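Novice: Mind having a look at this structure? Questions to follow.
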Amino acid sequence: MPKHINFNSLKSPVIMGIVNITPDSFYDGGKHTCEKELLQHVEKMLREGADIIDIGAYSSRPGADSIDENEECERLKKNCIAIRKNYPHIPISIDSFRSSVIKKIYEAIGPIIVNDISGGNFDSEMIKTCGKLQLPYICMHMRGTPQTMQNHTEYSNILAEIKDFFQEKIKQAQAYSVPHIILDPGLGFSKTLEQNYFVLRNIDYFKSLQKPILIGVSRKSMIYKKLNCTPHEALNGTSVLHTISVLNGASILRVHDVKEAKESIILTQEILNQKIIL
């Protein structure tokens, strides 16, 4: 059985290592389509300190092509089976917004974590399914779809609107007895460059909801566009924002580079643990 993570009592931020099995993801698309390469990548992330492996088969980059349910499920199923077989104790998160896909992967490998970029808006059965199967649910804030989300960046009060969205989803999750709900403000999704930094600066605004907060900034455009570089050159910027995320209250970091994220957490936690002397 995979290791159980009590998301409600995390003593230190958790690292979620990203495994994209899509051919067109913005950073690592096409890298992990072979099972041998996939398992080597997973092994490296676990050795470097990953607590969860997050596997996705549907690219959510702006303007990404859509794929049908069968193709998504087939991509996921064979790779999830291989990971669970070789690393039975590591928790696996499934990056999908389709409840039918979640059901099939659950039937194939057992307990999983659900990582839904739509926060249940693309599939009305998703939150209900997580409750029925007793699966932890990561609820991300986004407007529109991956194809249209950058056309939906107008907010009267972005923090309040994201919080209202989360409050509604928490009520739904509680109504369906979802065991854990984790909140992801969706940096890079239906938000401008400036809005991404504003939300990141104000992560603690959502702490009153008393739920773990996941931050995904790894090698995203909010870094490489600001620094005028490429995703491949955005590791240093990613580490800076991981540090700020932890300082501002993030409980989970979703990352491509586990070793560097782990180092950011260790050093930041050391600072947070120091007493202030007045």
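The values are calculated or read from the model by the stated rules, or taken from the named source; none is laboratory data. Please read these numbers as outputs of a predicted model, since none were measured by experiment. Glycine also receives a Cβ, built like all others from the backbone with ideal geometry; neighbour counts cover every protein chain displayed.
Novice: Does region 28-49 contain any residue that is buried (at least 22 other Cβ atoms within 10 Å of the Cβ), at pLDDT 95 or above, under 18 Å from HIS256 (Cα atoms) and among the β-branched types (Val, Ile, Thr)?
Specialist: Taking every residue of region 28-49 in turn, at least one turns out to be buried (at least 22 other Cβ atoms within 10 Å of the Cβ), at pLDDT 95 or above, under 18 Å from HIS256 (Cα atoms) and among the β-branched types (Val, Ile, Thr).
Novice: Just to be sure before I move on: is SER251 closer than 23 Å to ILE5 by Cβ, surrounded by fewer than 22 Cβ atoms within 10 Å (Cβ to Cβ), under 18 Å from the mean Cα position of the chain (by Cα) and at pLDDT 95 or above in the structure I sent?
Specialist: On the way: closer than 23 Å to ILE5 by Cβ: yes; surrounded by fewer than 22 Cβ atoms within 10 Å (Cβ to Cβ): yes; under 18 Å from the mean Cα position of the chain (by Cα): yes; at pLDDT 95 or above: yes.
The answer is yes for SER251.
Novice: Let me ask you something else. Tell me, which helices (runs of 4 or more DSSP H) lie completely within region 160-278 with 1 or more residues that are of a type in the set (Gly, Ala, Ser) and in contact with a helix residue (DSSP H, G or I) (Cβ under 7 Å, 6 or more places away or on another chain)? Walk me through it before giving the result.
Specialist: Details: elements: 193-201, 221-224, 235-247, 258-273.
The qualifying helices (runs of 4 or more DSSP H) are 235-247, 258-273.
Novice: If you go through region 145-157 one residue at a time, do you hit one that is buried (at least 21 other Cβ atoms within 10 Å of the Cβ) and within 17 Å of TYR58 (Cα to Cα)?
Specialist: Let us first name the residues in region 145-157 that are buried (at least 21 other Cβ atoms within 10 Å of the Cβ), namely 146.
Those left that are additionally within 17 Å of TYR58 (Cα to Cα): 146.
For region 145-157, residues buried (at least 21 other Cβ atoms within 10 Å of the Cβ) and within 17 Å of TYR58 (Cα to Cα): present.
Novice: Further question: Condition first: among the aliphatic types (A, V, I, L, M), without any contact (Cβ under 8 Å) to a residue 60 or more places away in the chain, under 21 Å from ILE113 (Cα atoms) and surrounded by 15 or more Cβ atoms within 10 Å (Cβ to Cβ). Now tell me which residues in region 158-190 satisfy that.
Specialist: So in region 158-190, the residues among the aliphatic types (A, V, I, L, M) come out as 158-160, 162, 170, 173, 175, 178, 181-183, 187.
Filter once more, keeping what is without any contact (Cβ under 8 Å) to a residue 60 or more places away in the chain: 158-160, 162, 170, 173, 175, 178, 181, 183, 187.
Remaining after also requiring under 21 Å from ILE113 (Cα atoms): 170, 173, 175, 178, 181, 183, 187.
Listed by number, the residues that qualify are ILE170, ALA173, VAL178, ILE181, LEU183, LEU187.
Novice: Please state which one of LEU214, LEU209, LEU200 is surrounded by fewer than 22 Cβ atoms within 10 Å (Cβ to Cβ), in contact with a Lys or Arg (Cβ under 9 Å, 6 or more places away or on another chain), in contact (Cβ under 8 Å) with a residue 12 or more places away in the chain and on the phi < 0 side of the Ramachandran plot.
Specialist: Values: LEU214 fails: surrounded by fewer than 22 Cβ atoms within 10 Å (Cβ to Cβ); LEU200 fails: in contact with a Lys or Arg (Cβ under 9 Å, 6 or more places away or on another chain).
Checking each option against the conditions leaves just LEU209.
Novice: Sticking with this structure for a sec: How many of the residues making up region 60-103 are of a type in the set (Gly, Ala, Ser) and at pLDDT 95 or above?
Specialist: So in region 60-103, the residues of a type in the set (Gly, Ala, Ser) come out as 60, 63-64, 66, 82, 93, 96, 99-100.
Checking which are at pLDDT 95 or above leaves us with 82, 93, 96, 99-100.
The number of residues fulfilling the criteria is 5.
Novice: Based on what the data block shows, is ASP257 acidic (Asp, Glu) and touching a His at 6+ places or on another chain (Cβ under 8 Å)? Working first, answer last.
Specialist: Details: acidic (Asp, Glu): yes; touching a His at 6+ places or on another chain (Cβ under 8 Å): no.
Judged against the criteria, ASP257 is not a match.
Novice: A further question follows. Among what's in region 1-24 and is surrounded by 22 or more Cβ atoms within 10 Å (Cβ to Cβ) and in a loop (DSSP other than H, G, I, E, B), pick the residue that is modelled with the lowest pLDDT.
Specialist: Selected residue: THR22.
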